[in-house]
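For reference, the structure is listed below as C-alpha cells.
The values are calculated or read from the model by the stated rules, or taken from the named source; none is laboratory data. Since we're looking at a predicted model, the values are computed, not measured. Glycine gets a Cβ as well: all are built from the backbone with ideal geometry, and neighbour counts include every protein chain shown. Surface areas here come from the heavy atoms of the whole protein model, side chains and all, with no ligands, DNA or RNA. Shrake-Rupley method; radii C 1.70, N 1.55, O 1.52, S 1.80 Å.
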Amino acid sequence: MYDILIVGAGPAGLTAAIYARRASKSVLVLEAKSYGGQIINTPDIENYPVAAHISGFDFATKIYEQATALGAEVVYEKAVEIIDHGNEKEVKTENNSYKAKAIIIATGSENRKLGVDGEDELVGRGISYCATCDGAFYRKKNVAVVGGGNTALEDALYLADIAEKVYLIHRRDEFRGEDANVKALKARGNVEFVLNSQVIKLNAQKRLESIDVQNKNGEIRNIEVNGLFVAVGRIPENQNFAKVVNLDSAGYIIAGEDCVTNAKGIFVAGDNRVKNVRQLVTATADGAVAVSEAVKYINSLA
Ligand code: NAP
C-alpha cells in the first residue's frame, strides 16, 4: 500500500510527487498517456517564474526527472475507477488495482472538439489539436486556427513562423487570451483575424481542402486551408471519478484552494479542479497544497 497515489503525471501531479517524496511518503503516479500533460504541446513558456523561455516538453521533462530522482514511481496505466474503502483507497486500472492511504486526482483535461461534421475522420488529414506536434507539416501552406484563448493565440503565433498564411477564427471579437499575444499576432504580416465567425463546414476529398466560415450576420465565406488547428478549450478528465467525488455542472471536481474534495482522503490538483485561473503556476501550486493536505490527513489516521 502506497501512502499517496497520484492520478496524472502533468505539472500538478508531478509537483505533488516531488512534495510527497520530500515529506518521506511513498508515491505512485499513474499516467494514462505520457508525462507532462497538455503543457508538452506548448512551444514556448514565458510566464513561469525563473525561466524566461522554456519549451513545454523541456519543462515537463525537468519535473518528471526531479520527481523520479526523488523516488516517485510512475506507472503508465489509465485509472478507470476509484473505490473508497474508508482509510484505504483503491484505484483500478484496466489490468491492475493499487491501494493507497490518500489519493490526489491530477488528471487535467482533454481537447474539446469543434463539433463539425467530418472532424474525427479528418484528424491527421488536415485537422489537428496540437500546433507544435503537427505544425511542421504545413510549411508554406495556408492554415487556420480556431479559438480565442491563449492556446489558440500561441498556436497562431507558432504557425505564423511556419505557414504561408494563418487565419485566426474566433466566435467573438474579444479574446480570452492575453493582450500581449493578440498584439504580437497583429504585428505579423501573414495573420488574418476572422472574428465573430464560426467554422460550419469542412470541405475535403482525401484531405481537408477548405472550410466554410459563417459570421454573425449569417454570411458564409469559403477559406482555402490545408490545415485546421482546433484550440477551443479543454474538458476536465474526471468522468471516471464521478462516483467518489462531487463534480460541478461542467465536470470539474468541486474543491477550494485547499484542494480538499468531499471525499475524505481524496484530493484534487490542477486544471480538473473548479478554479478561476488555470495556469502552469496554479497547477504546480495545487500539487504542493494537495500534498500538504494529504499528509495532514495521513497523519490523522495514525
Ligand atoms: P480557453 O481559455 O477556455 O479558450 C477556449 C476558446 O475557445 C475561447 O475563446 C472560446 O470562445 C472558444 N470556444 C469554445 N468552444 C468553442 C466552439 N465550440 N467553437 C468555437 N470556439 C469555441 O482554452 P485554452 O486556450 O485551451 O486555455 C485553457 C487554459 O490554459 C487557460 O486558462 C489559458 O490561459 C491557459 N493556457 C496558458 C498558457 C500559458 O500559460 N502559456 C498557454 C495556453 C493555455 P469564447 O471566448 O467565446 O468562450
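Numerical summary
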| item | result |
| --- | --- |
| Lone qualifier among 27, 7 - being open to solvent by less than 10 Å² (accessible area, probe 1.4 Å) and more than 18 Å from the chain's Cα centre (by Cα) | 27 |
| Residue within the stretch 60-70 that is closer than 16 Å to residue 294 by Cβ, of a type in the set (Val, Ile, Thr) and in contact with a strand residue (DSSP E or B) (Cβ under 9 Å, 6 or more places away or on another chain) present | no |
| Candidates 231, 269 - the one that is open to solvent by less than 60 Å² (accessible area, probe 1.4 Å) and within 12 Å of the ligand (Cβ to nearest atom) | 231 |
| Pair list, Cβ < 6 Å and 6+ apart or interchain, from the stretch 181-192 residues that are assigned to a loop (DSSP other than H, G, I, E, B) to residues that are open to solvent by less than 40 Å² (accessible area, probe 1.4 Å) | 188/160; 190/160 |
| Residues that are more than 16 Å from the ligand (Cβ to nearest atom) and touching an Asp or Glu at 6+ places or on another chain (Cβ under 6 Å), drawn from the stretch 98-140 | 99, 101, 140 |
| Test set (1) open to solvent by 20 Å² or more (accessible area, probe 1.4 Å); (2) touching a His at 6+ places or on another chain (Cβ under 9 Å); (3) β-branched (Val, Ile, Thr) - residue 45 fails condition number | (1) |
| Yes/no for residue 164 being open to solvent by less than 70 Å² (accessible area, probe 1.4 Å), more than 10 Å from the ligand (Cβ to nearest atom), farther than 30 Å from residue 245 by Cβ and in contact (Cβ under 8 Å) with a residue 24 or more places away in the chain | no |
| Those residues of the stretch 281-294 which are aliphatic (A, V, I, L, M) and open to solvent by less than 20 Å² (accessible area, probe 1.4 Å), in sequence order | 283, 290, 291, 294 |
| Candidate set from the stretch 207-225 (those that are surrounded by fewer than 18 Cβ atoms within 10 Å (Cβ to Cβ) and in contact with a Lys or Arg (Cβ under 7 Å, 6 or more places away or on another chain)); member that is farthest from residue 42 (Cα to Cα) | 212 |
| Of residues in the stretch 97-127 being polar (S, T, N, Q) and in a strand (DSSP E or B), the one modelled with the highest pLDDT | 97 |
| Qualifying position, being open to solvent by less than 60 Å² (accessible area, probe 1.4 Å) and assigned by TED's automatic domain parsing to the domain that holds residue 156, among 194, 244 | 194 |
